[in-house]
1. Please determine whether any residue of region 103-110 is closer than 24 Å to Gly180 by Cβ and in contact with a strand residue (DSSP E or B) (Cβ under 8 Å, 6 or more places away or on another chain).
2. Checking Gly37 against (1) in contact (Cβ under 8 Å) with a residue 60 or more places away in the chain; (2) touching a Ser or Thr at 6+ places or on another chain (Cβ under 7 Å), which single condition isn't satisfied?
3. Go through region 146-197 and report how many residues are β-branched (Val, Ile, Thr), farther than 19 Å from Ala82 by Cα and not in a helix (DSSP H, G or I).
4. So, Asn156, is that one crowded, with 18+ Cβ neighbours inside 10 Å, polar (S, T, N, Q), out of contact with any Asp or Glu (no Cβ under 8 Å at 6 or more places or on another chain) and touching a residue at least 24 places away in the same chain (Cβ under 8 Å) or not?
5. For region 76-94, how many residues meet the condition of being crowded, with 16+ Cβ neighbours inside 10 Å and either more than 16 Å from Leu38 (Cα to Cα) or in contact with a Ser or Thr (Cβ under 7 Å, 6 or more places away or on another chain) (or both)?
6. Here are Ile144, Ile198, Ile138, Ile173: which of them is out of contact with any Lys or Arg (no Cβ under 7 Å at 6 or more places or on another chain), closer than 21 Å to Val12 by Cα, surrounded by fewer than 12 Cβ atoms within 10 Å (Cβ to Cβ) and not basic (Lys, Arg)?
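Read the figures in this text as sums done on the coordinates, not as results from a lab. These figures come from a predicted structure and were not determined experimentally. Because the Cβ atoms are built from the backbone with ideal geometry, glycine has one as well, and the counts that use them run over all protein chains shown.
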Amino acid sequence: MPDLKNKKVLLVNGSPHEKGCTYTALKTAAAALESCGLSAETVWTGKGPVSDCTACGACGKTGRCVFSDGKVNDIIEAAEKADGFIFGSPVYYAHPDGRLISVMNRVFRAGGVYLSYKPAAAVTSARRAGTTAALDVINKYFAINSMPVVSSKYWNMVHGNTPEEVLRDKEGIQTMQLLGANMAWLIKCIAAAGAAGIVPPAQPEKPEKTNFIR
């Protein structure tokens, strides 16, 4: 069995409410991770305005974003040492929180190398609907960055207007618990593979880019 003492999952709370419904879902997943022997760290993106990526290219030289808002560089630094990720968001108009999307645009642009080949999951919270559409948006970040996507027994969502209501969503809570357990299992599998000399494939030295204009 590989050493799991230093295995950590970074959970990003993209809700403007620090201890709201999204936090409740992430906290449940974090408890499951810890019960499986891993540690969990939660970063809240805050509730202030967040700049989107301006495609300035400066991060290509430094590995960090030139803007300091949204905890972007804190997340990148934590990502270097993390072994897995869960990004959580409330649902607004069948879409993730716009601030979280701005954070993820910059995190993946500046620090995507620190997330590649590490398991990731999206979690969404809503009163009623729009959750699957919001999950699809977040999952696309993982799919474009060579990250295994972790699932549960249902889509990774909870329902409720308040944290108390979320806790009464028994199926949603169970889904979060199994998500944490599945994330821990996959991280253990990857650690065991690494101990056996199985490593991720090398990225192409010269990535090809499709040009649709001929």
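1. As a first pass, look at region 103-110 and keep what is closer than 24 Å to Gly180 by Cβ: 103-104, 107-108.
So of that shortlist, the ones also in contact with a strand residue (DSSP E or B) (Cβ under 8 Å, 6 or more places away or on another chain) come out as 103-104.
Yes, region 103-110 has at least one match.
2. (2)
3. Of the residues in region 146-197, 2 are β-branched (Val, Ile, Thr), farther than 19 Å from Ala82 by Cα and not in a helix (DSSP H, G or I).
4. Yes: the conditions hold for Asn156.
5. Filtering region 76-94 for residues crowded, with 16+ Cβ neighbours inside 10 Å gives 76, 78-79, 82-91.
Those still in the list that are either more than 16 Å from Leu38 (Cα to Cα) or in contact with a Ser or Thr (Cβ under 7 Å, 6 or more places away or on another chain) (or both) too: 76, 87-91.
Within region 76-94, residues that are crowded, with 16+ Cβ neighbours inside 10 Å and either more than 16 Å from Leu38 (Cα to Cα) or in contact with a Ser or Thr (Cβ under 7 Å, 6 or more places away or on another chain) (or both) number 6.
6. Values: Ile198 fails: closer than 21 Å to Val12 by Cα; Ile138 fails: surrounded by fewer than 12 Cβ atoms within 10 Å (Cβ to Cβ); Ile173 fails: surrounded by fewer than 12 Cβ atoms within 10 Å (Cβ to Cβ).
Step by step, each of Ile144, Ile198, Ile138, Ile173 is checked, and only Ile144 is out of contact with any Lys or Arg (no Cβ under 7 Å at 6 or more places or on another chain), closer than 21 Å to Val12 by Cα, surrounded by fewer than 12 Cβ atoms within 10 Å (Cβ to Cβ) and not basic (Lys, Arg).
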